[in-house]
Amino acid sequence: MTVEHRVTYCRICEALCGMTATVDNGRLIELRPDEDNPLSRGRVCPKGIAMAEVQNDPDRVLSPLRRRADGGFDEVSWDVAMDDISRRLRAIVDRHGGGAVGHYLGNPAAFGYATSLWHGLFMKRLNSPHQYSPGSQDINSRFVASRLLYGAISQLPFPDLPRTDFLLVLGANPLVSHGSALRSPRIKDDLAGIVERGGRVVVVDPRRTETARKYEHLSVRPDTDAWLLLSLLHVVFDEGLADDDALTRQTTGSAGLRTVVSEFPPERTEHRTGIAASTVRDLARAFATAPTASAYGRTGACLGRHATLVCFLLDALSIVTGNLDRSGGTLFARGVIPLEELGERARALSYGESRSRVGGHPDVMGTYPAAIMAQEITTPGVGQMRALISTAGNPVLSVPNGRALAAALPTLDLFVSMDLYVNETNRHADYVLPATTFLERSDMQWGFASTSPTVFMQDTEAVVPAYGQAREEWRVYDDIARMMGMSLLAQGPMARLNSVFMTMERVGLLRVTPRRIFEFLLRLGPYGDRFGLRRGGLTPRRLRAHPHGVVLAEHAPTGILHDIVQHPDRRVHLSPTEIMDEVQELGVRHPDDPAYPLRLIGLRELRSHNSWMHNSETLMKGTRSRRHRARISPADAAAAGLVDGGRVRVVSASGTIETDVLITDEVSAGTIAVPHGWGHDGGWQRANGAGGANVNDLTSNRSDDLERLAGMSVLNGVAVRVERADA
Ligand SMILES: Nc1nc2c(c(=O)[nH]1)N[C@H]1C(S)=C(S)[C@@H](COP(=O)(O)OP(=O)(O)OC[C@H]3O[C@@H](n4cnc5c(=O)[nH]c(N)nc54)[C@H](O)[C@@H]3O)O[C@H]1N2
Ligand SMILES: Nc1nc2c(c(=O)[nH]1)N[C@H]1C(S)=C(S)[C@@H](COP(=O)(O)OP(=O)(O)OC[C@H]3O[C@@H](n4cnc5c(=O)[nH]c(N)nc54)[C@H](O)[C@@H]3O)O[C@H]1N2
Ligand code: SF4
Ligand SMILES: [Mo]
């Protein structure tokens, strides 16, 4: 075989940049940016290129591993592993019911279609409430805000970057994260474009981030954004800057919102937020009077004590100023693959329809807060979690109180993981099954890929065959189910389409695979050919003829609010009780503790990706810069006697970590910033050697400490104190 170049796209983060893979005899040689991808146009980041090192990593798990009594692993065949797993799962289900089996589906699974779909069918079949995901550490607050505002939990409104005149960024660092719940691989150019057009980009962040440094920065105290946003809305209403016409046309409940925010003039909130009242007034006026404007937030908005409220108020600002669903404002997407749309219409995407056994937290699309997993494993009684499958996740590092979870995992009757590595979580598993990398499987863009100012679609084939004995996750779910005597297709979120698929399968027309389902949905969707009914519509064949992807519309649609909103009155709800109650409880539910005077926030680094890219040689180059470091202000460092490059002990009510000190005025006094995903202790040699600590040893998994409406882990604004550790 000769060397080949294959077009594909990166599936590490939401930018989904186009790449080309150089392949020699089934082995990946290198990854490069795809110059012909219409969206990314030759841009990738260092992590995308370094995926080649993950692909070829000698530490990768390439054969099923079975744990020995001494804690090490033996390689076993798939047959041996699958027989034992399916037999033990069957026994657990027979004895305790399907509800004894838990599942954690990690972040990388969201970037492909097959795993999400088949894991969903598998769990639905077991009818288990124990479903967990990074959502409760990431975005569920955003989803719940959408449910309350629009009645549509799956909608993630996003800014119309190419056309807006004013972008308010609150709690996001797109120059490092490359955009989240906002798909724009050239987001750096998009932000620059706003200013070039004479517009403004204002970044509200406790840290002077890479994005803040390039644009206008407002330094806010961690976890006080709710007060800031209430004050911005106060000024908009109070100074007659609200768009009454838009409020009448689109919404209900604006009077309630107006009344609530009247209690929050900026002069009354500046002591909380650290932002001067006059600055808040100026910002509100500028936002409201800009020709178009959009307020956008991400994890910095989603992970505080009032996260759902903050996400809600961010949208409210765009709505009240008349910027919803119009060019240059905040837009909605209609998925090219209409999976969420079908879910909304079928009212299948639940919120608060059930409560968790531990803590009584509302479900968010069938999942409970991952923070309670440890207690769900250790708390006896009906519904106790006795088996766990964890796919593409590393919750010991990503979920609050990782230590508690690590201690609970070995008490499970069965713990199975599908992953590329032995990580800090699945080192406690009975079996680690080798998963394929995204380069080893076909995919189609869906889900958050639709939060894109340009409507785009791309699919890809696998660019290399699976290495070693790696298998696609969906096949493993399929096989386990079959070996347990369960049929996956007779039920599930796809129930309405199932009868069609099952008939086709029965008459031998097709074997139902994830790709077949997605191709079906593509044709059915808003851009599809509707099986010949819509000429020029998208078909799988047309998609394949455009390996670099297809631009389906230069701009995301506007004027579609009526189709998006699912409340029976078809209006945006601006004063739901849940939100009004949250406002009443601001500052009451979580009083400050003088023993922990500082506020800890998170941080993402250009060359880290959550917990799983610290084994790449290229990404880990640089002795000092690639160490795990706590960013501390000169004042706080001096007060605690810390020295730059020295060691610090960070203490919270939940735990203690030690790491290196970086003294920087990027953070103000009172704030410290520490990245997550460090402190390795798995099968990845270089990562283990990188040192650092798990910041989630400081965060709380107590039910009372979780955000109330969405069960969010509080990962920003955590109360801590610092001490010198090398004294
Ligand atoms: N290089 C890299 N890129 C990534 C990732 C990665 O690990 N590395 N992870 C990916 C994932 S999973 C996600 S979800 C996205 C996240 O995407 P982003 O949310 O854009 O990423 P962050 O860099 O975490 O930005 C959050 C910002 O919120 C700020 N912040 C913290 N607390 C507060 C607060 O109380 N108020 C305000 N206003 N701001 C606050 C932080 O200082 C930080 O700058 O990034 C994705 N992209
Ligand atoms: N303190 C704090 N904690 C946080 C955050 C924070 O900002 N601060 N951010 C949160 C956020 S936004 C997120 S998304 C979570 C992430 O939380 P998780 O999803 O739990 O963890 P990851 O670090 O993304 O680990 C992913 C695992 O999947 C494996 N993997 C990679 N690709 C594949 C694949 O294709 N198949 C399979 N089977 N495995 C694969 C990797 O080897 C790794 O072990 O962390 C959250 N935790
Ligand atoms: S920004 Fe980097 S990690 Fe994200 S999709 Fe593009 S190349 Fe991959
Ligand atoms: Mo995330």
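Applying the set (1) part of a loop (DSSP other than H, G, I, E, B); (2) within 16 Å of ligand 2 (Cβ to nearest atom); (3) of a type in the set (D, E, K, R) to R570 leaves exactly one unmet item: (2).
Of everything in segment 1-18 that is in a strand (DSSP E or B) and under 21 Å from the mean Cα position of the chain (by Cα), the residue that is farthest from ligand 2 (Cβ to nearest atom) is G18. Here F166 clears all of (1) surrounded by fewer than 24 Cβ atoms within 10 Å (Cβ to Cβ); (2) touching a residue at least 24 places away in the same chain (Cβ under 8 Å); (3) farther than 30 Å from E344 by Cα except the condition numbered (1).
Would you check if M385 is touching a residue at least 40 places away in the same chain (Cβ under 8 Å) and closer than 13 Å to H103 by Cβ?
On the way: touching a residue at least 40 places away in the same chain (Cβ under 8 Å): yes; closer than 13 Å to H103 by Cβ: yes.
It is true that M385 is touching a residue at least 40 places away in the same chain (Cβ under 8 Å) and closer than 13 Å to H103 by Cβ.
So in segment 558-609, with the set limited to residues that are modelled with pLDDT under 95 and closer than 30 Å to E658 by Cβ, which one is surrounded by the most Cβ atoms within 10 Å (Cβ to Cβ)? Top of the filtered list is H590. Counting only helices (runs of 4 or more DSSP H) that sit completely within segment 97-204, those holding 3 or more residues that are modelled with pLDDT under 95 correspond to 114-126. Condition (residue is within 18 Å of V416 (Cβ to Cβ) and buried (at least 18 other Cβ atoms within 10 Å of the Cβ)) applied to segment 361-370: is it met by at least one residue? Taking every residue of segment 361-370 in turn, at least one turns out to be within 18 Å of V416 (Cβ to Cβ) and buried (at least 18 other Cβ atoms within 10 Å of the Cβ). Counted as qualifying within segment 214-296 are the helices (runs of 4 or more DSSP H) with 1 or more residues that are closer than 29 Å to I560 by Cα and modelled with pLDDT of 95 or more, namely 225-238, 244-250, 254-261, 277-289.
Being assigned by TED's automatic domain parsing to the domain that holds A212, surrounded by 24 or more Cβ atoms within 10 Å (Cβ to Cβ), among the hydrophobic types (A, V, I, L, M, F, W, C) and touching a helix residue (DSSP H, G or I) at 6+ places or on another chain (Cβ under 6 Å): is that true of L257 here? No, not satisfied. When residues in segment 137-165 are screened for being under 30 Å from D569 (Cβ atoms) and either within 16 Å of ligand 4 (Cβ to nearest atom) or hydrophobic (A, V, I, L, M, F, W, C) (or both), 13 of them pass.
Yes or no: segment 215-228 includes at least one residue that is within 16 Å of ligand 2 (Cβ to nearest atom), crowded, with 22+ Cβ neighbours inside 10 Å, under 30 Å from P265 (Cβ atoms) and among the polar types (S, T, N, Q). The answer is no; no qualifying residue exists.
Do we have any residue at all in segment 177-192 that's away from ligand 3 (no atom under 16 Å from the Cβ) and more than 14 Å from the chain's Cα centre (by Cα)? Yes, there is a match, as at least one residue in segment 177-192 is away from ligand 3 (no atom under 16 Å from the Cβ) and more than 14 Å from the chain's Cα centre (by Cα). Is there a residue being within 16 Å of ligand 2 (Cβ to nearest atom) and either crowded, with 24+ Cβ neighbours inside 10 Å or over 15 Å from the mean Cα position of the chain (by Cα) (or both) anywhere in segment 194-206? Checked against the condition, which is being within 16 Å of ligand 2 (Cβ to nearest atom) and either crowded, with 24+ Cβ neighbours inside 10 Å or over 15 Å from the mean Cα position of the chain (by Cα) (or both), segment 194-206 yields at least one hit.
Summed over segment 591-607, residues that are of a type in the set (G, A, S) and either within 16 Å of ligand 4 (Cβ to nearest atom) or touching a helix residue (DSSP H, G or I) at 6+ places or on another chain (Cβ under 7 Å) (or both) total 1. For first residues located in segment 207-228 and touching a residue at least 60 places away in the same chain (Cβ under 8 Å) and of a type in the set (K, R), partners that are away from ligand 2 (no atom under 16 Å from the Cβ) and part of a helix (DSSP H, G or I) and lie 6+ apart or on another chain with Cβ distances below 8 Å form the pairs R221/R272; R221/T273. Checked against (1) of a type in the set (S, T, N, Q); (2) within 30 Å of I194 (Cβ to Cβ); (3) within 16 Å of ligand 1 (Cβ to nearest atom), S450 passes all but condition (3).
The criterion of at least 3 residues that are in contact with a Phe, Trp or Tyr (Cβ under 6 Å, 6 or more places away or on another chain) is met by the following strands (runs of 3 or more DSSP E) wholly inside segment 24-87: 65-67. Every condition in (1) away from ligand 4 (no atom under 16 Å from the Cβ); (2) among the hydroxyl-bearing types (S, T, Y); (3) closer than 23 Å to F415 by Cβ; (4) buried (at least 16 other Cβ atoms within 10 Å of the Cβ) holds for S77 except the one numbered (4).
Considering R32, R43, R60, R66, which residue is within 16 Å of ligand 1 (Cβ to nearest atom) and under 31 Å from the mean Cα position of the chain (by Cα)? Before you say what the answer is, go through the steps one by one.
Details: R32 fails: within 16 Å of ligand 1 (Cβ to nearest atom); R60 fails: within 16 Å of ligand 1 (Cβ to nearest atom); R66 fails: within 16 Å of ligand 1 (Cβ to nearest atom).
When all the criteria are applied, what remains is R43.
Residues in segment 361-394 that are more than 16 Å from ligand 4 (Cβ to nearest atom), assigned to a loop (DSSP other than H, G, I, E, B) and under 23 Å from the mean Cα position of the chain (by Cα): 3 in all.
Under the condition of being more than 14 Å from ligand 2 (Cβ to nearest atom), within 23 Å of A172 (Cβ to Cβ) and touching a His at 6+ places or on another chain (Cβ under 9 Å), the residues counted in segment 19-59 number 1.
Going by the structure shown, is A242 under 25 Å from A669 (Cβ atoms), of a type in the set (G, A, S) and in contact with a helix residue (DSSP H, G or I) (Cβ under 7 Å, 6 or more places away or on another chain)?
Values: under 25 Å from A669 (Cβ atoms): no; of a type in the set (G, A, S): yes; in contact with a helix residue (DSSP H, G or I) (Cβ under 7 Å, 6 or more places away or on another chain): yes.
So A242 does not fit the description; no.
Check whether at least one residue in segment 373-385 is of a type in the set (A, V, I, L, M) and within 15 Å of ligand 2 (Cβ to nearest atom), and report yes or no. Yes, segment 373-385 contains a residue that is of a type in the set (A, V, I, L, M) and within 15 Å of ligand 2 (Cβ to nearest atom). Only one of the numbered conditions (1) touching a strand residue (DSSP E or B) at 6+ places or on another chain (Cβ under 7 Å); (2) more than 23 Å from V476 (Cβ to Cβ); (3) not aliphatic (A, V, I, L, M) is not met by S417, and that is (2).
Scanning segment 669-714 for residues that are β-branched (V, I, T), closer than 15 Å to L303 by Cα and surrounded by 24 or more Cβ atoms within 10 Å (Cβ to Cβ) gives V674, V695, T699.
The values are calculated or read from the model by the stated rules, or taken from the named source; none is laboratory data. On a predicted model such as this, the values are computed, not experimentally measured, just so you know. A quick note on method: Cβ atoms are made from the backbone with ideal geometry, for glycine too, and the neighbour counts reach across all protein chains shown.
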